[in-house]
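Colleague: Okay, here's the structure, questions in a sec.
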Amino acid sequence: MQEPEKVLEIRSVDRSFGGLRALKEVSLHVNRGEIFGLVGPNGSGKTTIVNSVTGFYPPDKGDILFEGRSIKGMAPHRVARLGIARTFQNLALFRGMSVLDNILVGRHIHMHPSALAALFYWVWAEREELRHRDIVEETIDFLQLQDVRDTPIEIVPLGLQKRIELARALVSEPRMLILDEPMAGMNQEEKEYMARFILDAREERGLTVLLIEHHMDVVSALCDRMTVLSYGEQIAGGKPAEALSNPRVIEAYLGTKGREHAA
């Protein structure tokens with residue numbers, strides 16, 4: 001049987017902030033086409049891993065490879081151009097702009113303005129602009145955002161804002177999508193919608209997904225494999241059912257009493 005292709009590899013990564021060691025020798029890999037869960041209590045190091053992968057906080061030690069190429073220390077815009085897109089735990093949408101314009105921002109890595117293109121706008125630039133618009137409109141349809149496409153972002157409900165941020169990531173046409181707690185603050189119905197869209201994006205667009213979450217029901221339903229962190233250390237991994245039943249995971253989430261109750 002052929003070995004799965006590793007899209008992302010994190011090798012013995014350490015990261016400290018002052019005297020706080022946020023990641024301690026973390027190693028994991030994400031195979032092409034899978035949804036990989038990264039879970040843990042608040043402060044366990046999940047977002048630090050995301051920021052290390054995307055170039056915001058380079059690792060102090062270890063290495064990070066994307067499609068076999070080291071991206072350790074690479075600037076965020078260069079990581080994005082390689083085909084990695086992300087959403088943020090705290091929404092990073094632009095107030096004063098419409099939903100459509102916020103999503104269009106996600107096309108920036110594919111825009112290459114030049115004086116020559118401007119001079120021959122009707123031949124080159126207009127064609128390029130129409131292509132960007134087509135991709136944005138297709139993504140709006142895909143995520144069922146037609147009813148709010150022209151709405152100012154600041155009056156859109158939180159659940160829809162999370163979907164809009166997903167749309168902005170998708171229009172960059174990534175090969176790997178990193179979702180940092182995409183369902184935080186959502187009610188059950190909104191979570192179910194988002195879960196369906198993530199699955200559809202994986203199937204229809206051939207995406208590999210790294211999903212950072214603390215909703216265990218979401219992780220169990222969506223992820224093929226997962227790793228659990230606690231205080232920067234890996235304490236369990238594997239299939240969701242196996243990892244989540246690990247006594248160390250139960251203790252990390254519920255404490256000793258919770259572990260005794262689960263037993």
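Throughout, read-outs are computed from the coordinates displayed, never taken from laboratory work. None of the values given here were measured: they were computed from a predicted structure. Cβ atoms come from the backbone with ideal geometry, glycine included; neighbour counts cover every protein chain shown.
Colleague: Pairwise over distinct Cα atoms, reciprocal of the mean inverse distance: report the Kirkwood radius of region 131-172 in Å, one decimal place.
Modeller: On the way: mean 1/r = 0.0960 Å⁻¹.
Computed over Cα pairs of region 131-172, the Kirkwood hydrodynamic radius comes out at 10.4 Å.
Colleague: Here is a follow-up. May I ask you to derive the relative contact order of the chain, considering only C-alpha pairs under 8 Å and at least 6 residues apart, and to give it as an integer percent?
Modeller: 26
Colleague: Something else: At a Cα cut-off below 18 Å, give the lysines reachable from Lys191, other chains included and same-chain residues fewer than 8 away excluded.
Modeller: Correct list for Lys191: Lys162.
Colleague: Next question. Tell me, rounded to the nearest percent, the portion of alpha carbon pairs in the chain spaced more than 35 Å apart. If you can, show how the numbers build up before the last one.
Modeller: Numbers: 6612 of 34453 pairs.
Everything past 35 Å amounts to 19 percent.
Colleague: Additional query: Report the Cα centroid-to-centroid distance between region 157-234 and region 6-25 in angstrom, as an integer.
Modeller: Measuring centre to centre over Cα atoms gives 22 Å.
Colleague: In what order do Arg81, Arg149, Arg69 fall by count of nearby beta-carbon atoms within 10 Å, going from fewest to most?
Modeller: Values: Arg81 13, Arg149 17, Arg69 9.
Ascending Cβ contact count within 10 Å gives the list Arg69, Arg81, Arg149.
Colleague: Summing Lys, Arg as +1 and Asp, Glu as -1, what charge do residues with Cβ under 12 Å from the Cβ of Asp60 carry, Asp60 excluded?
Modeller: +2
Colleague: Right, something else. As a test, work out the antiparallel percent of DSSP beta bridges whose residues both lie in the chain, rounded to the nearest 5.
Modeller: So the antiparallel bridges in the chain amount to around 55 percent.
Colleague: Given H placed on each backbone N at 1.01 Å, which residues far from Ala22 in sequence or on other chains put an amide H within less than 5 Å of it?
Modeller: Arg15, Ser16, Phe17
Colleague: I've got another one for you. If amide H atoms are built 1.01 Å from N in the plane of the peptide, which residues on other chains or at least 5 residues away come under 5 Å of the amide H of Ile178?
Modeller: Ala85, Arg86, Thr87, Leu210
Colleague: At a 10 angstrom cut-off on C-beta neighbours, averaged per residue, how do the peptides 162-170, 132-140 rank from highest to lowest?
Modeller: My ranking of the peptides, most packed first, is 162-170, 132-140.
Colleague: A follow-up question, please. Taking only Cα atoms of region 1-93, what ratio of Rg to Rh do you get with Rh as the Kirkwood inverse-distance radius?
Modeller: Here Rg/Rh amounts to 0.96.
Colleague: Among all the lysines, which ones have a C-alpha under 18 Å from Lys61's C-alpha, if same-chain residues fewer than 8 places away are not counted?
Modeller: Counting by Cα, and skipping residues close in sequence, Lys61 has these lysines nearby: Lys24, Lys46, Lys72.
Colleague: Sort Leu28, Leu158, Leu20 so the one with the fewest other Cβ atoms within 10 Å of its own Cβ comes first.
Modeller: Leu20, Leu158, Leu28
Colleague: Taking a ≥ b ≥ c as the square roots of the eigenvalues of the Cα gyration tensor of region 52-113, is the shape rounded (a/c under 1.5), prolate (a/b larger than b/c) or oblate?
Modeller: prolate
Colleague: Follow-up question, since we're still on this one. Using modelled backbone amide H atoms (1.01 Å from N, in-plane), which distant-in-sequence or interchain residues come within less than 5 Å of Ile71's amide H?
Modeller: Close amide H contacts, sequence-distant or interchain: Ile64, Leu65, Phe66.
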